[in-house]
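Student: What follows is a structure written as structure tokens; I'll ask about it next.
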Amino acid sequence: MLGANLPGFGMENQTDSALSNLMKEVKKYRKIDAHVHAYIAPNVGPEVLLDYADRMGITKLFISRPISHDEAPFQEFRDSNDMMIKVMKQYPDRFQAEFTLNPLHTKESLEEIKRCVDQGMVGLKLYYQAKINDPLFYPILEKMIDLKMITLMHSALVLGHGSYRAKYGNIHPNVSTPEDFVGAAKRYPEAMLQVAHTGGGGDWEAAYKAIKDYPNIYIDVSGSNNEGNMINYGIKYLGEDRLFFGSDNFYNQSVSNILSADLTEVQRKKLFFDNYNNMLKKGGYNVD
Ligand SMILES: [Zn+2]
């Protein structure tokens, strides 16, 4: 072939085979995405998610669509849940939908949990209308304990012990910090709580240290930053059973951060699949 002996020609082939080996490594591990959103933007529909999921070997995606503004009418939460139910029913083998609610409205929230569970939803995803240890959440967490389902809460792992900047900075006043999760875990040791996206930036070292003694607090390592050593640091403090793979719609980074960590085969399998599935097993919602 013309040019086959030119410098660089063989390199391209090498790069292709390195890439195909890498993708084999990626696909070798089946995965549950413990934190991902459908319709987080109008064009992020199920087919977009499945395109990424197929390439990354993600078998099941736990989708949600939380509402971030405080004063949204409750109907907006219902509509959002209906969108997730529709996606789940369209591709029931691939998507499991989680419900969202506004804890400022207790009666409507409890009714919405029942409606969503009746529709086959599993798990709660929250934003920052109230902190996870606010008394407004007590009846909701008690219901989640009855259902043996996890509560995934948006978090801010802001810098410094005691999340100094969350208290005194310009971050949303009601965002949950690791210390807020500890407050809820102490009151409800039977509740299963998931700290969102330690890969999203911030002081994950302080977060892991804060939650280490509370085995009912799990974390997902999703996010867009994914700093080096975050995974191994998490295992050092939490052990190998409390970390979940999740993408938060940053698929490549979240997969590669686990693959590039210093893990055994068993630990890789636990993070990508088994840990979340074992949590699901407690309520009989496991995916295999
Ligand atoms: Zn998210």
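Student: Within the group I231, I217, which residue is crowded, with 21+ Cβ neighbours inside 10 Å, under 28 Å from H69 (Cβ atoms) and β-branched (V, I, T)?
Tutor: I217
Student: Would you pick out the residues in the range 264-288 that are hydrophobic (A, V, I, L, M, F, W, C), surrounded by fewer than 18 Cβ atoms within 10 Å (Cβ to Cβ) and out of contact with any strand residue (DSSP E or B) (no Cβ under 7 Å at 6 or more places or on another chain)?
Tutor: V266
Student: With the checklist (1) more than 16 Å from the ligand (Cβ to nearest atom); (2) buried (at least 21 other Cβ atoms within 10 Å of the Cβ) in hand, flag the one item F62 doesn't pass.
Tutor: F62 satisfies every listed condition except (1).
Student: Then there's this: I'm trying to understand the selection: among the residues of the range 211-260, which are of a type in the set (K, R) and either outside any loop (DSSP other than H, G, I, E, B) or within 16 Å of the ligand (Cβ to nearest atom) (or both)?
Tutor: Scanning the range 211-260 gives a single hit, K236.
Student: Cβ-Cβ under 7 Å, sequence separation 6+ or interchain: first residue in the range 182-207 and outside any strand (DSSP E or B), partner among the β-branched types (V, I, T) and at pLDDT below 90. Which pairs?
Tutor: Listed by first residue and then by second, the contacts come to G202/V158; D203/V158; W204/T198; A207/T198.
Student: Grab the helices (runs of 4 or more DSSP H) fully contained in the range 5-108, keeping just those with 3 or more residues being without any contact (Cβ under 8 Å) to a residue 40 or more places away in the chain and of a type in the set (G, A, S).
Tutor: Output list reads 9-27.
Student: Counting only residues that are closer than 15 Å to A207 by Cβ and without any contact (Cβ under 8 Å) to a residue 40 or more places away in the chain, which one in the range 240-263 is surrounded by the most Cβ atoms within 10 Å (Cβ to Cβ)?
Tutor: This residue is L243.
Student: Counting only residues that are farther than 16 Å from F250 by Cβ and either acidic (D, E) or touching a His at 6+ places or on another chain (Cβ under 7 Å) (or both), how many does the range 25-60 have?
Tutor: Residues flagged as farther than 16 Å from F250 by Cβ and either acidic (D, E) or touching a His at 6+ places or on another chain (Cβ under 7 Å) (or both) within the range 25-60 amount to 3.
Student: Something else now. Considering (1) within 16 Å of the ligand (Cβ to nearest atom); (2) surrounded by 16 or more Cβ atoms within 10 Å (Cβ to Cβ), say which one S68 fails and leave the rest.
Tutor: (2)
Student: Hey, another quick one. May I ask you to verify whether V195 is surrounded by 24 or more Cβ atoms within 10 Å (Cβ to Cβ) and either of a type in the set (V, I, T) or more than 16 Å from the ligand (Cβ to nearest atom) (or both)?
Tutor: yes
Student: How about the range 118-155: which of its residues are aliphatic (A, V, I, L, M), out of contact with any strand residue (DSSP E or B) (no Cβ under 8 Å at 6 or more places or on another chain) and over 15 Å from Q194 (Cβ atoms)? Quick ask: steps written out before the conclusion?
Tutor: So in the range 118-155, the residues aliphatic (A, V, I, L, M) come out as 121-122, 124, 126, 130, 132, 136, 140-141, 144-145, 147, 149-150, 152-153.
Keeping just the survivors that are out of contact with any strand residue (DSSP E or B) (no Cβ under 8 Å at 6 or more places or on another chain) gives 130, 136, 145, 147.
Within the range 118-155, A130, L136 qualify.
Student: Which ones in the range 257-276 are in contact with a helix residue (DSSP H, G or I) (Cβ under 8 Å, 6 or more places away or on another chain) and closer than 16 Å to G57 by Cα?
Tutor: Residues satisfying the conditions are N257, I258, L259, R268, L271, F272.
Per-residue answers, yes or no, for (1) within 18 Å of A185 (Cα to Cα); (2) within 16 Å of the ligand (Cβ to nearest atom); (3) at pLDDT 95 or above:
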site: Q96; (1), (2), (3): no, yes, yes
site: N133; (1), (2), (3): yes, no, yes
site: T151; (1), (2), (3): yes, yes, yes
site: H154; (1), (2), (3): yes, yes, no
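Student: Quick check: is even one residue across the range 21-40 over 27 Å from L271 (Cβ atoms) and more than 16 Å from the ligand (Cβ to nearest atom)?
Tutor: Among the residues of the range 21-40, not one is over 27 Å from L271 (Cβ atoms) and more than 16 Å from the ligand (Cβ to nearest atom), which makes the answer no.
The values are calculated or read from the model by the stated rules, or taken from the named source; none is laboratory data. Because the structure is predicted, anything quoted here is derived from the model rather than measured. Glycine also receives a Cβ, built like all others from the backbone with ideal geometry; neighbour counts cover every protein chain displayed.
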